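Have a look at the structure below, then the notes.
The values are calculated or read from the model by the stated rules, or taken from the named source; none is laboratory data. From a predicted model like this one, the values you see are computed outputs, not experimental measurements. Glycine also receives a Cβ, built like all others from the backbone with ideal geometry; neighbour counts cover every protein chain displayed. Side chains included, ligands, DNA and RNA excluded: accessible areas come from the protein's heavy atoms. Shrake-Rupley method; radii C 1.70, N 1.55, O 1.52, S 1.80 Å.
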Amino acid sequence: MTEPGVLHTTTDQVLSLTLNRPESLNALTPGQREEIIRLMAEASATAEVRAVVITGAGRGFCSGADLRGAGTPGERLAGDVARTLRTGAQRLIAAVLDCEKPVIAAVNGTAAGLGAHLAFACDLVLAAESARFVEVFVRRGLVPDGGGAYLLPRLVGPQRAKQLMFFGDALTAPDAERLGLVNRVVPDEELQKTARAWAERLAAGPTRALALTKQLVNASLDTDRAAAFAAEAAAQEINMTTADAREGVRSFVERRSAEFGGR
């Protein structure tokens, strides 16, 4: 029986996703992509999921899109490539950015091309010491896709983004941390343990407040100050109706630790 391309389990309100094609360094197939998109949507809508971790099986996180069977440029009709990106890689990145639960990337080994952008779309990025990030597109004569030209300038600025994309050099985990692409680098053997600890901490937090905070931060670089302030006020208005907000205020008054239920 063939193993599924994406393993997923939910334990203690943490959804763990593992890309499961280690023989190809977890190169993403269309089927895997659609499964991740589905699971992201389900995580948003499921109260029992309060945090998500994405990692890869074997030696790599994700080596990018699986290009086998993609054909040659001469076989394509005008508009095919743009349509494929809109309905494929871009939907995948949007699904992670729009997920209403915090998403952690636990990057083990290589994250290249779309695989790197999948990691960068996550809210927090943990990297094993062996991790490498590669903007591989230029090596193949390609334009970055999967939201790379949107994500990277917002994370490291336009000059650094262009350096990474123009040269396509492998970026070590410590260098990625120094540039701000990675939150923390840990020994390989501690990656999954650390990711789990972070996810459980997030899962114990005020879930709706985290969702609204994520939404505000992700939108902040695409809007002006007036719109950002209006969105902040609206988010506060919504959040103050939640049980977790009431619990947070009550616990402060009662001088005890808050116990958030995710609602």
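Those residues that are over 24 Å from F133 (Cα atoms), free of Cβ contacts under 8 Å to residues at least 60 places away in the same chain and either open to solvent by 30 Å² or more (accessible area, probe 1.4 Å) or acidic (D, E) (or both), I need them from the stretch 9-41; list them, please.
Those that are over 24 Å from F133 (Cα atoms), free of Cβ contacts under 8 Å to residues at least 60 places away in the same chain and either open to solvent by 30 Å² or more (accessible area, probe 1.4 Å) or acidic (D, E) (or both): T9, T10, T11, R38, A41.
So V138 ticks every box in (1) among the β-branched types (V, I, T); (2) under 20 Å from A65 (Cα atoms); (3) buried (at least 21 other Cβ atoms within 10 Å of the Cβ) but one. Which box is left unticked?
Result: V138 fails condition (3) only.
Just give me the residues in the stretch 169-184 being in a loop (DSSP other than H, G, I, E, B), under 14 Å from F61 (Cβ atoms) and either touching a Pro at 6+ places or on another chain (Cβ under 6 Å) or open to solvent by 40 Å² or more (accessible area, probe 1.4 Å) (or both), in sequence order.
Answer for the stretch 169-184, where residues must be in a loop (DSSP other than H, G, I, E, B), under 14 Å from F61 (Cβ atoms) and either touching a Pro at 6+ places or on another chain (Cβ under 6 Å) or open to solvent by 40 Å² or more (accessible area, probe 1.4 Å) (or both): there is none.
Determine whether S251 is open to solvent by 80 Å² or more (accessible area, probe 1.4 Å), over 17 Å from the mean Cα position of the chain (by Cα) and small (G, A, S). So that I can check it myself, show each step before the final result.
Working: open to solvent by 80 Å² or more (accessible area, probe 1.4 Å): no; over 17 Å from the mean Cα position of the chain (by Cα): yes; small (G, A, S): yes.
Spelling it out, it is not the case that S251 is open to solvent by 80 Å² or more (accessible area, probe 1.4 Å), over 17 Å from the mean Cα position of the chain (by Cα) and small (G, A, S).
Pull out all pairs, ordered by first then second residue, where Cβ-Cβ is under 8 Å, the residues are six or more apart or on different chains, the first lies in the stretch 45-59 and is in contact (Cβ under 8 Å) with a residue 12 or more places away in the chain and part of a strand (DSSP E or B), and the second is open to solvent by 50 Å² or more (accessible area, probe 1.4 Å) and of a type in the set (K, R).
V53/R196
Could you check how many residues of the stretch 185-203 are open to solvent by less than 60 Å² (accessible area, probe 1.4 Å) and either assigned to a loop (DSSP other than H, G, I, E, B) or closer than 21 Å to S257 by Cα (or both)?
Result for the stretch 185-203: 6.
Looking only at the stretch 154-168, which residues are of a type outside the set (A, V, I, L, M, F, W, C), in contact with a helix residue (DSSP H, G or I) (Cβ under 7 Å, 6 or more places away or on another chain) and open to solvent by less than 40 Å² (accessible area, probe 1.4 Å)?
Within the stretch 154-168, G168 is the sole residue that qualifies.
How about the stretch 91-114: which of its residues are in a strand (DSSP E or B) and more than 10 Å from the chain's Cα centre (by Cα)?
Matches in the stretch 91-114: V107, T110, A111, A112.
For A51, are the conditions met, namely being at pLDDT 90 or above, more than 24 Å from E3 (Cβ to Cβ) and touching a helix residue (DSSP H, G or I) at 6+ places or on another chain (Cβ under 9 Å)?
yes
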